[in-house]
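> Got a structure for you, written out below as structure tokens; questions coming shortly.
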Amino acid sequence: MDQAPDYEELERAALSPPLVRHIYTADPSAHVFEGRIYIYPSHDIDAGIPFNDNGDHFGMEDYHVLSMDEPFGPVQDHGVALHLRDIPWASRQLWAPDAAEKDGTYYLFFPARDQHGRFRIGVATGDRPEGPFRARPSAIRGSYSIDPAVYADEDGAYYLYFGGLWGGQLQEYRHNRYDKVYAEPADEEPALGPRVARLTDDLLEFAEVPREIKLLDEQGEVLKAGDHDRRFFEAAWMHRYQGTYYFSYSTGNTHYICYATGSSPYGPFTYRGRILSPVIGWTTHHSICAVGDRWYLFYHDSVLSRGITHLRSVKMAEIRYRPDGSIETLDPYPG
Ligand code: FUB
């Protein structure tokens, strides 16, 4: 029989303590706005729903924004920035959000189930990085699935990456069309890719039909659906380092944060390796953010809740690039 983990030992061995302990937070998307680090996490609660593969136990109802002056500095919780009751189109499950700034307005992008139980992606706007945010009356037209990540490219274009398997419903879409008959492809078939669409100038809608991103192996073949150690599952993130686009993501049921690189925000991206080994808890989800000339990984685990998979805590650690642009793999519990 498996032994229960020694959580005190894991706390001691952890790469990072929880950034906050007074609430549970997960899926951290970090950005530097106005010279301060802002973190946009999910706000985990115990909604009293039993665990299932559909993720129904992740019953989150609002967002809090966290911020800090400098890496590893004291963290401020700015309180409720947006609540489910103030989102006209949404019915439940405020999952992993992200944020962007343009011309002094702040945009919170978030997934939620609509009135029919389908995940869509919404936008809410505000005047301050910490909110409050006011939700648009409808979700982004043509949006679906979960885990929006917005990337502001150096040429002024903004791209929204999204998608997630299983509870995130990505397997029920082909060519941006939903059908309950669709399922995950067979093991030897190409894996489903994450999606990307450029945003309109006002950042409120898709400026184009979402495209499926190709994640390639070292032979230039699309990763196979059965390649669970490397294929995309959820938690898309984009950053650019020394002119190269880095697409990073979670492999879900194998619990890795991996990355793939390319020369265009649309991909294709070639698999390069792992950024983070599995954490305590089923899910793993991250963001990568430069602060000055150093780079940081924001991630979460379930050590503080003693392994309760939907009660997570956001954490951070510095990441290091090798001269060839590859990223050193982090062990979340190096001891
Ligand atoms: O927080 C709910 C879901 O768990 C997120 O949307 C996924 O990325 C996973 O972290």
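> When the chain is fully extended, how far beyond the present Cα-Cα distance does residue 187 get from residue 242, taking 0.36 nm per residue of separation?
Numbers: separation 55, 0.36 × 55 = 19.80 nm, distance 3.50 nm.
Result: 16.3 nm gained on full extension.
> Let me ask something additional. Hey, if you put +1 on the Cβ of every Lys and Arg and -1 on every Asp and Glu Cβ in the range 7-328, which of 275, 300, 161 ends up farthest toward the positive end of that dipole?
161
> Percentage of Cα-Cα pair distances in the chain greater than 27 Å, rounded to whole percent?
Working: 21784 of 55945 pairs.
Across the chain, Cα pairs with separations above 27 Å total 39 percent.
> What value, in deg cm²/dmol to 500, does the helix sum -39500 (n - 2.57) over DSSP H runs of n ≥ 4 give at 222 nm once divided by the residues of the chain?
Numbers: 1 runs with 7 residues, N = 335.
Result for the chain, helices only: -500 deg cm²/dmol.
> Shape of the range 155-220 from its Cα gyration tensor (a ≥ b ≥ c, root eigenvalues): rounded if a/c is under 1.5, otherwise prolate when a/b > b/c, or oblate?
oblate
> Test of the criteria: in the range 1-56, which GluC sites (Glu not before Pro) are in a DSSP loop and have at most 11 other Cβ atoms within 10 angstrom of their Cβ? Intermediate values should be presented prior to the final figure.
Numbers: sites: 8, 9, 11, 34; in loops: 34.
When the GluC sites (Glu not before Pro) of the range 1-56 are filtered for loop state and at most 11 Cβ neighbours within 10 Å, 34 remain.
> Want the number for residue 34 to residue 179: 0.36 nm per residue separation, take away the alpha-carbon distance, what's left?
Details: separation 145, 0.36 × 145 = 52.20 nm, distance 4.32 nm.
Once the chain is fully extended between residue 34 and residue 179, it gains 47.9 nm.
> Stretched out fully, how many nm does the piece from residue 157 to residue 294 gain, at 0.36 nm a residue minus the Cα gap?
Numbers: separation 137, 0.36 × 137 = 49.32 nm, distance 2.41 nm.
Stretched fully, the residue 157-residue 294 segment lengthens by 46.9 nm.
> Further question on the same structure: Hand me the tally of lysine pairs in the range 7-328: alpha carbons under 28 angstrom apart, and the pair either on different chains or 8 or more positions apart.
4
> If you put +1 on each Lys and Arg Cβ and -1 on each Asp and Glu Cβ, how big is the dipole of the range 291-335 around its Cα centre, in Debye rounded to 20? Show your work: numbers first, answer last.
Working: 6 positive and 6 negative charges, 43 e Å.
Roughly 200 debye for the range 291-335.
> Hey, another quick one. If you average the C-alpha positions of the range 178-197 and of the range 127-141 separately, how far apart do those two centres end up, in angstrom?
Using only Cα atoms to place each centre, the spacing works out to 30 Å.
> Nearest 0.05, what FRET efficiency do residue 22 and residue 318 give at R0 = 22 Å with Cβ-Cβ as r?
Values: r = 25 Å, r/R0 = 1.13.
Rounded to the nearest 0.05, the efficiency is 0.30.
> Pull up all non-local amide H partners of residue 44: gap of 5 or more, or a different chain, and H-to-H distance under 5 Å with H placed in the peptide plane.
24, 25, 26, 312
> Then there is this: For the range 7-328, with every protein chain kept in place, what is the accessible area per residue (1.4 Å probe, Å²)? Please list the in-between numbers first.
Numbers: 12850 Å² over 322 residues.
Solvent-accessible surface per residue comes out at 40 Å².
> Suppose each label sits 7 Å from its Cα in the direction of the beta carbon; what would the residue 8-residue 229 distance come out to in nanometres?
Result for the modelled spin labels: 3.6 nm.
> Give me the distance in nm between label points sitting 7 Å out from Cα along the Cα-to-Cβ direction at residue 209 and residue 328, one decimal.
Spacing of the two 7 Å Cα→Cβ label points: 4.6 nm.
> So, with a 1.4 angstrom probe, what is the percent of accessible area on the range 7-328 that is carbon and sulfur?
On the way: 5900 of 12850 Å².
Ligands and nucleic acids excluded, carbon and sulfur give 46 percent.
> I want the antiparallel fraction of DSSP beta bridges within the chain, as a percent rounded to 5.
Values: 79 of 82 bridges.
Given both bridge residues lie in the chain, the antiparallel proportion sits at roughly 95 percent.
The values are calculated or read from the model by the stated rules, or taken from the named source; none is laboratory data. Since the structure is predicted, the reported quantities are computational estimates derived from the model, not experimental observations. For neighbour counting, all protein chains shown are included, and Cβ atoms are generated from backbone atoms with ideal geometry for every residue, glycine included. Ligands, DNA and RNA are excluded from the accessible area calculation, which covers all protein heavy atoms including side chains. Shrake-Rupley method; radii C 1.70, N 1.55, O 1.52, S 1.80 Å.
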